[in-house]
Amino acid sequence: MKLKYILPVITWILFFGGCARQTSPTGGPKDTIPPKLISTNPKNEKTNFNGTRIDLEFDEMLNLNAAKEQVIITPSIGKDYEITTKRTTVTIDLNATLDPNTTYTINFREAIQDITERNPVRDLKLAFSTGTYLDSLSLEGKVTDLITTKELKDITVALQHANDTLSIMKHPSFYFTRTDAKGNFKLDYIKPGVYQLYAYQDKNKNLTVDSRNETYAFIAKPIDLRKDTAKLHLETIRLDTRDLKVTSARPFGTFFNIKTNKNLRSYKLSSTPQNELSYYYGEDQSNIRVYNTFPDLDSLQLNLSATDSSGSTIDTTLYAKFRKGANIQKDKFNMSIEEAKIIARTGTVTIKYKFNKPVNSFNLDSVYFRKDTLTTLTFSSKDADWDPATNTFTLQKTFDKKLFLIDQPDADGPPKPKDTTATVKTLNELVTRKAAFISVENDSSPSVKQRIEIDQPSILSEILYEVKTRKQNIIVQLLTSDYKLLRQSTKAKGSFTDIPAGNYIVRCLIDENNNGAWDPGNYNRKQEPEKLIYSRNPKGEVVHSLKANWELELAPMWITD
């Protein structure tokens, strides 16, 4: 190619190549290193600052991530400030007159990122004072989950003045920080005074607590930073503090449904005039189903008194109307066996039924256990327990344990060999005949046969526990590894027997008000949750592994205050 043709081509390449869009280089390892701070103006911890602009210089090009949500300036200067970035510099125009003799801190949280991989600059704070000195008090501690005891990262920890009547549910507080990966936090540059301390998830980044969707914690006693210097422990819990109310009350199919805005802890339902009502929790504990046992009434006045977990109450009057007509279909009557077990060591048989409708009557002649073709075990009404709130029916009876024990030695020697000539057939079968239970709508329960395994001593174990405390009212609980309650006791020293091999949790509840239950507290009343003390294994974990035919003695649980 001749030179006169080559030069225009080179010129064209250089011109359009220079105008091409700049992009990040491709290939190679992913960038995981956040931008590095080079300098700030003003410098960190500067005093006598009287400017209105903050500049921060970094070592690479930057991107801002929801800056107005992420950046926290305390004390607050309002929402009129501006945050911008240009190449490697972040600028804050305060657009406000700062208070004299005041220490300000700017917590950037995750607002500043690199432009390539969005790696955030973490734990970046800038402090300065408009006076001659910096406030120097600090507060540190840890945040964990109250129920699981897990360390919680990225939890917002905040202080507000103790004499401030603003609610954390609606208003942001004075000082903020966030926990690290181990749940630890530290608040710096705090003015001497008395404060309230709390922590919360802040999922929506609005610097207030949404108790419906976010876990939170608080310490009821005010903290005087001039005296209280110990590290503090906050334990979060999800507890909806909204006022309890009925959100709907209307007929569905053959029942009348009352729905509340959150789950109930307990409730009472009565009618005017007094009638025998038939009702229970529906799909969850925020729904109450009332069935029509009064076909001659056009409407029925209901009186509802209810309480939720936070102690919020409601006492209201409702008018129930039921749908009528031949085309209204009633739900099929369903019955399930939630639990069926036999403990050979004690001879105890436990059966638990659950229904989708209230039960109007039952016939225990139609419920029995067939051990073999010659032996049938029956139940009576004294063996029965009915829980109308959860619509469950439990049968429990203790029989002669010799009926269930196998290969057990006699007093005079080793186990006797099995009689192989016997013609008796082992069944171990629970029989629930048709119409053993009749629903409030006159449905009959189906016929069900279910085999029950008999738990022999060789596969069951025991957990021994002890609580060292001066507290008068405690509840010791045995739970599965996913925190499902299995059993509980009010004794400070005892055991949980006849437990299958598996993973378990043992904890102690301090029942301060002696109401027989654990209370999760109430922020509005400044009542902290009642304490939970967990038994831990030698590794410091709350889950204990239990082998078959084993006796596990736990280290004592100490309660010192």
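The values are calculated or read from the model by the stated rules, or taken from the named source; none is laboratory data. It should be emphasised that the depicted structure is a prediction, and the values quoted were computed from it without experimental measurement. All Cβ positions, glycine included, derive from the backbone under ideal geometry; neighbour counts span all protein chains shown.
For this structure, a couple of remarks:
- Within the range 288-316, the residues that satisfy the criterion of being of a type outside the set (D, E, K, R) and either more than 37 Å from the chain's Cα centre (by Cα) or not assigned by TED's automatic domain parsing to the domain that holds Q274 (or both) are T293, F294, P295, L297, S299, L300.
- If you go through the range 258-274 and pick out every residue that is within 10 Å of N303 (Cα to Cα) and either assigned by TED's automatic domain parsing to the domain that holds S211 or of a type outside the set (S, T, N, Q) (or both), you end up with 2.
- Close Cβ contacts (under 8 Å, 6 or more residues apart or on different chains) running from residues in the range 36-62 that are without any contact (Cβ under 8 Å) to a residue 60 or more places away in the chain to residues that are assigned to a strand (DSSP E or B) and of a type in the set (D, E) comprise I38/E57; S39/E57; N41/D55; T52/D93; R53/D93; E60/D114; M61/D114; L62/D114.
- Scope the range 104-135; condition of a type in the set (S, T, Y) and out of contact with any Phe, Trp or Tyr (no Cβ under 7 Å at 6 or more places or on another chain); matching residues: T116, T132, Y133
- Screening the range 449-512 for strands (runs of 3 or more DSSP E) wholly inside it with 2 or more residues that are without any contact (Cβ under 8 Å) to a residue 60 or more places away in the chain returns the ranges 474-480, 485-489, 493-500, 502-510.
- Every condition in (1) touching a strand residue (DSSP E or B) at 6+ places or on another chain (Cβ under 7 Å); (2) within 30 Å of S266 (Cα to Cα); (3) not hydrophobic (A, V, I, L, M, F, W, C) holds for D519 except the one numbered (1).
- Considering residues of the range 283-308 that are modelled with pLDDT of 90 or more and either part of a loop (DSSP other than H, G, I, E, B) or of a type in the set (F, W, Y) (or both) only, the residue surrounded by the fewest Cβ atoms within 10 Å (Cβ to Cβ): D284
Table: residues versus (1) assigned to a loop (DSSP other than H, G, I, E, B); (2) touching a His at 6+ places or on another chain (Cβ under 8 Å); (3) in the same structural domain as P42 (by TED's automatic domain parsing); (4) closer than 26 Å to I190 by Cα.
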| residue | (1), (2), (3), (4) |
| --- | --- |
| T85 | no, no, yes, no |
| T91 | no, no, yes, yes |
| T97 | yes, no, yes, yes |
| P100 | yes, no, yes, yes |
| I106 | no, no, yes, yes |
| E110 | yes, no, yes, yes |
| Q113 | no, no, yes, no |
| R118 | yes, no, yes, no |
| R122 | yes, no, yes, yes |
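- Hey, R118 surrounded by 20 or more Cβ atoms within 10 Å (Cβ to Cβ), over 30 Å from P520 (Cα atoms) and in contact with a strand residue (DSSP E or B) (Cβ under 7 Å, 6 or more places away or on another chain) or not: no
- Remark: K182 matches the filter, which requires a residue to be of a type in the set (D, E, K, R), within 21 Å of the chain's Cα centre (by Cα) and farther than 20 Å from E528 by Cβ.
- Test: L98 is modelled with pLDDT of 95 or more and within 29 Å of T208 (Cβ to Cβ): no
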